[in-house]
1. If each residue of separation counts as 0.36 nm, what is the full-extension length gain between residue 83 and residue 137 once their alpha-carbon separation is subtracted?
2. In whole percent, what relative contact order does the range 23-326 give with Cα contacts below 8 Å and a gap of six or more residues?
3. Any idea how far the Cα center of the range 89-124 sits from the one of the range 170-203, in Å?
4. Kirkwood Rh, the range 23-326, all Cα pairs: how many Å?
5. Past the 18 angstrom mark, what percentage of all C-alpha to C-alpha distances in the range 134-281 do you count?
6. For the chain, what does -39500 (n - 2.57) per DSSP helix run (n ≥ 4), summed and divided by total residues, give at 222 nm, in deg cm²/dmol to the nearest 500?
7. Using r as the Cβ-Cβ distance of residue 41 and residue 234, and R0 as 30 Å, what FRET efficiency do you calculate, to the nearest 0.05?
8. Please report Rg over Rh for the range 128-204, where both radii come from the alpha carbon positions and Rh follows the Kirkwood definition.
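The numbers here are math on the coordinates, done by the rules we state, and not lab data. All values reported here derive from a predicted model rather than from experimental measurement. Don't worry about glycine lacking a Cβ; one is built from the backbone with ideal geometry, like all the others, and counts go over all protein chains shown.
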Ligand code: PSV
Ligand code: MN
């Protein structure tokens, strides 16, 4: 068989079907003023209220057609807990943006200084569990959306915590969380090697997340945040393993140069993002029964305008995903099987190097979207408008805007 992959013609129709399906969730925390450990540079257009966050998410979705939902963080978006569900529902309807993954917050309260689910104090573990259970209830009220769990738990100095006891406490609390899920509702367990803890983190890598998720129950899956890895780690191999184990639930997208930098997806290493999409697409081509993954952006920009950066991320994700859709899986399978190394690699590379932008522009036009959403955002004057409105509306919070 003469299997080569060097004759790519971007097949619009094939790509369009993929693009129609491709959706990526934006994070509510990506539209607010956030900062580094050293300070915040405030933006006059930043969202201060939940309504403004929904409005910003709607702006991104209106122009890209690819981000119909917004992930929510309980402490920041549900200050009154489950009582705020009605308001979220209303805003969701008003702006045409679905409420997405619900993220409990076990890292901001003073009581979590020594951990939440891993805290040696049973009262604090119970407090954390109650908050997570309320988050499950919120997620159920909003249509059994995903519960997305990330823990800052860990320790800074050797010998200061019993790592094995903490494994046991985590196991118990995660199982209790799983018990509260509605049938079919997913619970995603995220890992991170370090930060804020610098000696040990209770869920530091995909292996720990996998074991915790397995022990919790069948609806628990692993969430891979692309920024939560050591330098040069092979993320697509981790995805391959998790998919092989049917334990991959979703991804948090961002890019990194040094640590958890939360840079724009694909700004540092677009080939890696392409490989990630390829690994997922390849698996789904072989396993047509596999469930869709949760794609969520986890970025909070300080230097770039937040709406622009979010839109740039959605567009980058679409582009790199579209490139991955061009890989000829049938041919690649043959080339791999026959160990035709250069041809196999070229098969991948030629998809990566194909310019999919004309196909994306055509798809957008056909779907009634602006050909160039970033340009359309700028031309609309939307950011200038909300900058004025919001800085006068939130005067005290924005007094240092200049
Ligand atoms: C932690 O670094 C993280 O990646 C988790 O997903 C949090 O929920 C999110 O960022 C926002 O703090
Ligand atoms: Mn994350």
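1. 18.4 nm
2. Relative contact order comes out at 18 percent.
3. So the two Cα centres are separated by 12 Å.
4. 19.5
5. Counting every Cα pair in the range 134-281, those more than 18 Å apart make up 58 percent.
6. For the chain, the value works out to -14500 deg cm²/dmol.
7. Here the calculated transfer efficiency is 0.30.
8. Rg/Rh: 1.03.
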